[in-house]
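Novice: The following block contains the structure, expressed as structure tokens.
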């Protein structure tokens, strides 16, 4: 058991006096999530500087059965990165372990500590004429270890896959404090069970990622970016199919906005403006990236969109004519969270369905919302190429009198409806954000007993005391 | 316990009289591997027709603690697909479960039973204008479930990854006979631990794959294939780097032959001929594939090779001018196993090192072989883009008097040397063939105690009785 100061002093011995934070002013940014929605508390915030220190800290916690809540950039959108309310346990921040350890262009690999910020990993790759492709709105603050632990997705997953596809190797501190050295940069390795795969996406509940080895790609030098209005989701699907057939692996992103989403993104976030003046129910932001042959690629994209306009699968279109114009289009995409927050009490979802059923999902979900929650306004932005829909219901100030527990209850009812529909269409209630605290109930609701048994077996096998990020996932 | 006929009769009740084989003539093809190297035996060969039958069979075996040796196309090259010699247990063949269940072009997905032959999966995809990219010499006989269970690699892994990267979902019969339905076709799904990742590459020791959902890609319509002579491995690495930078995701294959390997492939396998007359220490077979712009791609490849010839990084080259010429080049690659077997007593290895260290590996391994095994002739063919080297030592008839146990001992000594060098260079002793029976000793030798503990924890968690493919991997 923790005897208060004895335990904290033991932590201080490991990481140094100044790296154990206990005063509210110091701990506040670690205990509440970035949107201010989920708050927890802990005995302290502990900031180790090395894998060995993490190992010693976890061993100490294992000895005393003290929960460990690991945290990277604290950008979880489902309460995965903050401690529980009960206050047992320590918050283990990887923030000080933020070095890029090596960039190996000839092996197309980069190795970094878990606390390295995504944007810095990308910059280090770029300095070696390579691309690390993970692209998220939070890339300026999220940590690469958190990206691994949550199997982050983002806008370039269509071309490069999610974090799971980008990890070559990991170093992980296990629940008993031992260090698993799986930090390899090999492209093929079939020697036993793929343990790294078990840690990716496990949200710190099976082990604490301390170092990561990641795949790099040739750095594209050019891009062709377009914003296309379509009248139906089916039209967008047709366009997507043609883009995949025509451009194959050069298609980087294919993002679908509802007209309402574009509307509030331009209304609430300064500096945004509509790329297309005419009003349409849906818009697609698409991008191709290439290292060579930019001009030819742009004209092929123009031709494809021209055909779509002609045969009616597209309604209107704007092609970016400069880097600045492309950036302005992407700014629309990256303003979505902010616009939603400003618009009102918002409940966002992160569902996925098979690509061919996105139109069904939109139709069913819209109908259900209109019937059950007539006060809600509906918005969506989708990584359409991945079948991943961020479907949002927003209650304007005054539309409902909901705050605190009432708001939580309203959110739970909305979410249940949205999740039921996605799962009913062969989809999932969680595509890229993970489970955290927020979707634990959904996990229990939608997963089969067999699958939950498998999860519990994994948890028991790797964290028998249950000290790693308890109250998350399971 | 198995009471002989009682147990067999119970099996017959499940799968039908004619699908439990016991006579040597019937069971022989299942008990010995395709090269005739590894032989085992079992109580019977059991051929279920459905997942439900597999489930019932495994439940029966779990009840009686009877080992289950799952088998797909029986093409393992490390004794992974045949039973042990001791004869306890049943051979569970997935051969009858060979249907393609659905092809969904709009979702870029295909679903098949585990016993479907790889070449038939590829054909079904192609009929829908899609590509299933896994490419192996054994594709005419290997089963897709075996490809999943061994995380198969092959020549297109450079572009498309290994089987691990191609699996969307799995249905698996667990060690207690329960069925885990993880047969999803979603591109993103972050709801709990990624159980499919644990089954991929676990060689049937954690569960029995019964159905697979796989990713499809746009079907390329054109290819540009070249055979290039280089004087050093470093020259080949330079060429690889340039191809990756220039062609990025269009580079499908980059295979490195030692001059000696090309030599015996042409000498021992009828119909092969040297694409380049002049003699060089190394040759590269490379291929680009594209859906459009074939002509432009061919001329870009020609230009790149032209530059390499000019600056000396390439020594000679032949570009395929027709489909037939490209096929003839690939035939060289697919003749390697046969040529090696005909040349003499051969010990092949499946190591990988970081791409930047392939040259070091070749140099160190050649030196060690020359010093320790002067009678051996050395050959290699490498999936160079993956760092994966198939390094082979062959003892000509008469060079050593080794057969039976002596040959096995000689092989073990050669293998240990080769594996030591690969692992010493930050590599692995098993890149794409897996562990099976043959590399269990290497697994114990090279894996850390922590990693072996993790493996054992996984095995205990998912197969506590140890009835699934015992004697393999661990």
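Only the coordinates and a few stated rules stand behind these numbers; no lab work does. From a predicted model like this one, the values you see are computed outputs, not experimental measurements. Counting neighbours? That spans all protein chains shown, and the Cβs are built from the backbone with ideal geometry, glycine included.
Novice: Between residue A:396 and the same site in the other copies, what are the distances in nm, shortest first, taking label points 7 Å from Cα along the C-beta direction?
Specialist: 8.9
Novice: Here is a follow-up. Calculated FRET efficiency, residue B:13 and residue B:456, Cβ-Cβ r, R0 45 Å, to nearest 0.05?
Specialist: Computed FRET efficiency for residue B:13 and residue B:456: 0.80.
Novice: Just how far, in whole angstrom, is the range A:120-145 from the range B:279-346 if you go by their alpha carbon centroids?
Specialist: If you average the Cα positions of each part, the centres end up 35 Å apart.
Novice: Can you pull a Stokes-Einstein diffusion coefficient for the range B:414-474 at 10 °C (1.306 mPa s), Rh from Kirkwood over Cα pairs, as a whole number of µm²/s?
Specialist: Value of D from the Cα-based Kirkwood radius: 127 µm²/s.
Novice: Still on this structure, I have one more. Averaged over A:291-297, how many beta carbons belonging to a partner chain fall within 10 Å of each residue's beta carbon?
Specialist: Rounded to a whole number, the mean comes out at 2.
Novice: Inside 10 Å of the C-beta atoms of A:423-431, what's the mean count of C-beta atoms belonging to other chains?
Specialist: If you average over the peptide's residues, the count of other-chain Cβ atoms is 3.
Novice: Let me ask something additional. Quickly rank A:78-85, B:67-74 as a protection proxy: mean count of other C-beta atoms within 10 Å, highest first.
Specialist: B:67-74, A:78-85
Novice: In nm to one decimal, list the spacings between the residue A:126 label point and its equivalents in the other copies, with label points set 7 Å along Cα to Cβ, shortest first.
Specialist: Sorted ascending, the copy-to-copy spacings read 4.2 nm.
Novice: Once the convex hull of the C-alpha atoms of chain A is built, how many Å³ does it hold per residue, rounded to a whole number?
Specialist: 151
Novice: Counting pairs of Cα atoms in the range B:135-179, how many percent are more than 14 Å apart?
Specialist: Roughly 54 percent, rounded to a whole number.
Novice: In addition: Listed highest first by mean packing, meaning other Cβ atoms within 10 Å per residue, what order do B:415-421, A:274-280 come in?
Specialist: B:415-421, A:274-280
Novice: For the Cα atoms of chain B, what angle does the longest principal axis make with the long axis of helix B:449-462, in degrees from 0 to 90, nearest 10?
Specialist: It is inclined by approximately 40 degrees.
Novice: Averaged across orientations, what area in nm² does the convex hull of the alpha carbons in the protein assembly as shown project?
Specialist: Answer in nm², one decimal: 39.4.
Novice: A further question on this structure: Over the residues of the range B:283-419, compute the C-alpha Rg and express it relative to 2.2 N^0.38 Å.
Specialist: Here the Cα radius of gyration is 1.29 times the empirical estimate.
Novice: Given points 7 Å out from each Cα along the Cα-Cβ axis, report the residue B:106 to residue B:413 separation in nanometres with one decimal.
Specialist: It works out to 6.5 nm between the two label points.
Novice: What is the antiparallel percent of DSSP beta bridges lying wholly in chain B, to the nearest 5?
Specialist: 85
Novice: For the range B:5-93, I need the span (max minus min coordinate) of the C-alpha atoms along each principal axis, in Å, sorted largest to smallest.
Specialist: 34, 23, 22
Novice: Report the per residue volume, in Å³, of the convex hull enclosing the C-alpha atoms of the range A:86-126.
Specialist: 77
Novice: Here's another thing I want to ask about it. What is the Cα convex hull volume of the range A:184-251 when expressed per residue in Å³?
Specialist: Considering the Cα atoms of the range A:184-251, their hull volume per residue is 205 Å³.
Novice: Also, I was wondering about something else. Give me log10 I(q)/I(0) at q = 0.19 Å⁻¹ for the range B:222-336, Debye formula, one equal scatterer per alpha-carbon, no solvent.
Specialist: -0.97
Novice: Mind checking Rg over Rh on the range A:344-446, alpha carbons, Kirkwood formula for Rh?
Specialist: My calculation of the ratio gives 0.95.
Novice: Pop out the Kirkwood hydrodynamic radius of the range A:111-240 from its pairwise C-alpha distances, inverse of mean 1/r, in Å to one decimal.
Specialist: Across the range A:111-240, the inverse of the average 1/r is 16.0 Å.
Novice: Return the distance in nm (one decimal) between the two label points of a simple spin-label model at residue B:322 and residue B:405, each offset 7 Å from Cα along Cα→Cβ.
Specialist: Placing both labels 7 Å beyond Cα along the Cβ direction yields 5.7 nm.
Novice: Rounded to the nearest 0.05, what FRET efficiency do residue A:86 and residue A:126 give with R0 = 60 Å and r taken as the Cβ-Cβ distance? Could you check?
Specialist: Using R0 = 60 Å, I get an efficiency of 0.90.
Novice: While we're here: Which Rg and Dmax, in Å, describe the Cα atoms of the range A:83-182?
Specialist: When restricted to the Cα atoms of the range A:83-182, Rg and Dmax are 14.5, 49 Å.
Novice: Suppose only helical runs count, i.e. DSSP H with n ≥ 4. What mean residue ellipticity at 222 nm does that imply for chain A under -39500 (n - 2.57) per run, divided by all residues and rounded to the nearest 500 deg cm²/dmol?
Specialist: Here the helix-only value at 222 nm equals -11500 deg cm²/dmol.
Novice: For the range A:107-150, how big is the tail of P(r) above 12 Å, as a whole percent of Cα pairs?
Specialist: So the portion of pairs separated by more than 12 Å is 56 percent.
Novice: Another question about this same structure. Could you let me know the centre-to-centre spacing of the range B:424-474 and the range B:373-418, using Cα atoms, in angstrom?
Specialist: Answer, in whole Å: 23.
Novice: If packing is taken as the average number of other Cβ atoms within 10 Å across a peptide's residues, how do B:286-292, A:358-364 rank, most packed first?
Specialist: So the order, starting with the most tightly packed, is B:286-292, A:358-364.
Novice: Output, in nm with one decimal and in ascending order, the distances from the residue B:452 label point to the matching label points of the other copies (7 Å from Cα along Cα-to-Cβ).
Specialist: Relative to the other copies, residue B:452 has label-point distances of 3.8 nm.
Novice: In addition: As a footprinting exposure proxy, order A:322, A:137 by other Cβ within 10 Å, with the fewest listed first.
Specialist: A:322, A:137
Novice: To the nearest whole number, what is the average tally of beta carbon atoms from other chains within 10 Å of the beta carbons of peptide B:103-110?
Specialist: Mean shielding by partner chains, rounded to a whole number: 4.
Novice: Let me ask another. If you line up the long axis of helix A:51-64 against the longest principal axis of chain A, both from Cα atoms, how many degrees apart are they, to the nearest 10?
Specialist: With both axes taken from Cα atoms, the answer is about 60 degrees.
Novice: Nearest 10 degrees is fine. How inclined is helix A:323-334 to the longest principal axis of chain A, computing both from alpha carbons?
Specialist: Between the helix axis and the principal axis of chain A, the angle is about 60 degrees.
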